[in-house]
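One structure, pasted below without further comment.
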Amino acid sequence: VGSTARSRRTGNGDCMSSTAILINVLALAALIFALVRGRDKMRQALRVSLKTFIGILPPIVTMVVVISVMMAFVRPGDISRFIGDQAGFQGTLAIAAVGAILFMPAIIAFPLAASLLEGGASVQAVAAFITTLTMIGVVTLPLESKEFGRRMALLRNAFSAGIALLIALVMGAML
């Protein structure tokens with residue numbers, strides 16, 4: 001487990017970070033507060049939340065399955081060769097391009113990044129992947145162009161690409 005001192009071990013070997021504990025405690029406190037304030041409103045909010053959760057569950061499960069199958073067929077040596085330290089900056093650029101094209105939620109991206117690191121990817125490449133994934137929107141470019149104009153959308157994405165690569169280089173040098 002590549003966790004920090006802020007994590008604690010639970011009885012079954014899983015690791016839960018203090019951040020996760022804090023978020024769960026705050027969510028429970030908010031639920032209790034809502035229950036005290038108004039039972040009917042709380043029930044309505046929980047129904048809406050459950051409906052939303054059920055709505056987003058199929059695409060998330062699909063992404064997890066697809067990524068898991070892909071990771072099952074990719075050997076750690078391949079990951080290391082294509083986006084590891086031996087791949088150099090070309091590997092970083094390649095995975096940055098993949099990150100810019102993909103559209104996935106952070107709940108999927110961060111575990112995927114951890115799997116890539118465990119498989120031999122360099123910190124620089126994984127940093128490039130995560131930053132381009134979150135900062136650049138090739139898939140959403142048509143919508144962004146419509147809302148902000150083509151020139152602004154392209155400038156924002158180009159600027160984000162430069163910053164993402166800079167972040168990756170700094171992370172690679174630091175870690």
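The values are calculated or read from the model by the stated rules, or taken from the named source; none is laboratory data. All values reported here derive from a predicted model rather than from experimental measurement. Cβ placement follows ideal geometry from the backbone for every residue including glycine, while neighbour counts extend to all protein chains displayed. What goes into the accessible areas is simple: the full protein's heavy atoms, side chains included, and nothing from ligands, DNA or RNA. Shrake-Rupley method; radii C 1.70, N 1.55, O 1.52, S 1.80 Å.
What is the set of long-range amide H partners of Met16 at a cut-off below 5 Å, with H atoms built 1.01 Å from backbone N?
Arg8, Thr10
If you line up the long axis of helix 18-37 against the longest principal axis of the chain, both from Cα atoms, how many degrees apart are they, to the nearest 10?
The angle comes out near 30 degrees.
Taking H as built 1.01 Å from N, whose amide H comes closer than 5 Å to the amide H of Val74, not counting residues under 5 places away?
Long-range HN contacts for Val74: none found.
Now, a different point. Rounded to the nearest 10 degrees, what's the angle between the helix 88-101 long axis and the longest principal axis of the chain, both from Cα atoms, 0 to 90?
On a 0 to 90 degree scale, this one is about 40.
To continue, here is another question. What value, in deg cm²/dmol to 500, does the helix sum -39500 (n - 2.57) over DSSP H runs of n ≥ 4 give at 222 nm once divided by the residues of the chain?
The helix-only estimate for the chain comes to -26000 deg cm²/dmol at 222 nm.
Using the alpha-carbon atoms, what tilt in degrees (0 to 90, nearest 10) does helix 39-73 show relative to the longest principal axis of the chain?
That helix lies at roughly 30 degrees to the long axis.
Of all accessible surface on the range 36-156 at a 1.4 Å probe, what whole percent is carbon and sulfur?
Reported share for carbon and sulfur atoms: 69 percent.
Hey, another quick one. For the chain, what does the alpha-carbon gyration tensor say about shape, rounded, prolate or oblate, given a ≥ b ≥ c as the root eigenvalues, a/c under 1.5 as rounded, and a/b over b/c as prolate?
oblate
Can you figure out the FRET efficiency of Val48 with Phe103, using R₀ = 22 Å and their beta-carbon distance, to the nearest 0.05?
That pair, Val48 with Phe103, gives E of 0.35.
Counting only heavy atoms of the protein chains, get the accessible area per residue of the chain (1.4 Å probe) and round it to a whole Å² value.
Averaged over the residues of the chain, the accessible area is 69 Å².
Compute the Cα gyration tensor for the range 50-95, then decide on rounded, prolate or oblate, letting a ≥ b ≥ c be the square roots of its eigenvalues: rounded whenever a/c is under 1.5, prolate when a/b is larger than b/c in the other cases, and oblate in all that remain.
Prolate, since a/c reaches 1.5 and a/b exceeds b/c.
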